[in-house]
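Notes follow once the structure below has been shown.
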Amino acid sequence: MTKTIIGLDKAKSEELVKELNILLANFQIHYQNLRGLHWNIKGKNFFELHVKFEELYTDAQLKIDLIAERILTLQGEPLHTFEDYLHNGNVTVGKSISNDEQAIQLIVSSLTTLLSVEREILELSDEANDEGTNSMMSDFIAEQEKTIWMFNAWLTK
């Protein structure tokens, strides 16, 4: 069995890199959606949501960097073109959304997609004894589940 520089099975690490790149692509689309929502939101919830969307895109930007650095740690190459992101991502691209409920629904949908990918990575990282990736996914999942709960509470009439 061939090992990586951090002592993990090379084949399992390559599979993790592939899945982490899918997560990276989805996060990049999610990030860009959040920027667009921040810029374009209108209505009575403008002030509340404008600030919230900035908080979310700042957090997404940090996570994007963590994912890319984890890919590099596993001796992979992070995707880095918009073409790659659109080809590998499943997050819905939000275009010209200015309505508060549509914006929140897009975020919930995007986070649900991210959670699905993260849970797959969590399984793979557990099988590979990759505690670094495992810990990162656990942290992301816990935070995003709470965010989904909060946004669903906001959407409740």
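The values are calculated or read from the model by the stated rules, or taken from the named source; none is laboratory data. Every value quoted in this text rests on a predicted model; they were computed, and no experiment measured them. Methodologically, a virtual Cβ is constructed for each residue, glycine included, from the backbone with ideal geometry; neighbour enumeration extends over all protein chains shown.
The residues listed here are F53, F151, F140; of these, the one that is of a type in the set (F, W, Y), under 24 Å from S13 (Cα atoms) and in contact (Cβ under 8 Å) with a residue 40 or more places away in the chain is F140. Each residue in the range 76-95 was checked for being assigned to a loop (DSSP other than H, G, I, E, B) and either among the charged types (D, E, K, R) or modelled with pLDDT under 95 (or both), and 2 pass.
Filtered by the rule that a residue be among the charged types (D, E, K, R) and surrounded by 21 or more Cβ atoms within 10 Å (Cβ to Cβ), the range 119-157 gives a lone residue, D130.
Screening D126, D100 for residues that are within 24 Å of E54 (Cβ to Cβ), charged (D, E, K, R) and out of contact with any His (no Cβ under 6 Å at 6 or more places or on another chain) leaves exactly one candidate, D100. Condition check: hydrophobic (A, V, I, L, M, F, W, C) and either without any contact (Cβ under 8 Å) to a residue 24 or more places away in the chain or over 12 Å from H30 (Cα atoms) (or both). Does L86 satisfy that? In short, no. I need the full set of residues from the range 32-75 which are in a loop (DSSP other than H, G, I, E, B) and either aliphatic (A, V, I, L, M) or surrounded by fewer than 14 Cβ atoms within 10 Å (Cβ to Cβ) (or both), in order please. Within the range 32-75, I41, K42, G43, K44, L74 qualify. Taken over the range 123-146, the criterion of being among the charged types (D, E, K, R) and in a helix (DSSP H, G or I) is satisfied by E123, D126, E127, E131, D139, E143, E145, K146.
Filter the range 1-31 down to the residues that are among the β-branched types (V, I, T) and more than 21 Å from the chain's Cα centre (by Cα), then identify the one that is surrounded by the most Cβ atoms within 10 Å (Cβ to Cβ). The qualifying residue surrounded by the most Cβ atoms within 10 Å (Cβ to Cβ) is T4.
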